[in-house]
Every structure is written in structure tokens, then in C-alpha cells.
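Here's the structure we're looking at; comments come further down.
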């Protein structure tokens, strides 16, 4: 893997990590709002938003793990030939 490719992948990892944190924060805010809501429809709305954020976090985490695994494999292969 070239230095440019490594830099791009590291940037992507950083972006995914930030996105995961954002999803966690949003989920917490929506759950808090749901707890404050007195109207069932509004509470359910906020809970559905929280669930979507949690699902996004799961998807982003899977992509992050895959990208990290790819980097490790490529790094190990490069080490074998250097």
C-alpha cells in the first residue's frame, strides 16, 4: 500500500470514528427527548429516531472494522515482501 493509499484509509477511519460518535450522541439526545415527551406519538417518534441512529452506528462500526481489517492484512502482506 502506498503512503497516499494509507493516508486515505486513515482519513476514512477517522471520518467513520467521528460519524459513530455523532450517531451515539444523536441516539442519546433522541432517547432523552423521548423520556421528556408526554405525548405517546411524540415519544414513539423520538424512539424511532433513536433506533435509526443506533442502526447507523452498527452499520458504520461494521464498515470501520472491515476497513481496519483490510489495512492490517495489506500491512502484513507488505511486511512479508519488505
Check your understanding: Ratio of the chain's C-alpha Rg to 2.2 N^0.38 Å, to two decimals?
Key -> 1.57
Point to revise | Rounded tilt (10° steps) of 3-36 against the dominant C-alpha axis of the chain | key: 10 degrees
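Ranked by Cβ crowding within 10 angstrom, fewest neighbours first, how are 31, 41 ordered?
On the way: 31 17, 41 7.
The order, fewest Cβ neighbours first, is 41, 31.
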Practice item. Take 27, 65 and order them by how many other Cβ atoms sit within 10 Å, fewest up front. Key: 65, 27
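Show that you can apply the helix-only estimate: for the chain, add -39,500 (n - 2.57) for every DSSP H stretch of four or more residues, divide by all residues, and state [θ] at 222 nm to the nearest 500.
-34000 deg cm²/dmol
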Check your understanding: For the Cα atoms of the chain, what angle does the longest principal axis make with the long axis of helix 40-81, in degrees from 0 to 90, nearest 10?
Key -> 10 degrees
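Just so you know, all these numbers are worked out from the coordinates, no wet-lab data involved. Quantities reported herein were computed from a predicted structural model and do not represent experimental measurements. Methodologically, a virtual Cβ is constructed for each residue, glycine included, from the backbone with ideal geometry; neighbour enumeration extends over all protein chains shown.
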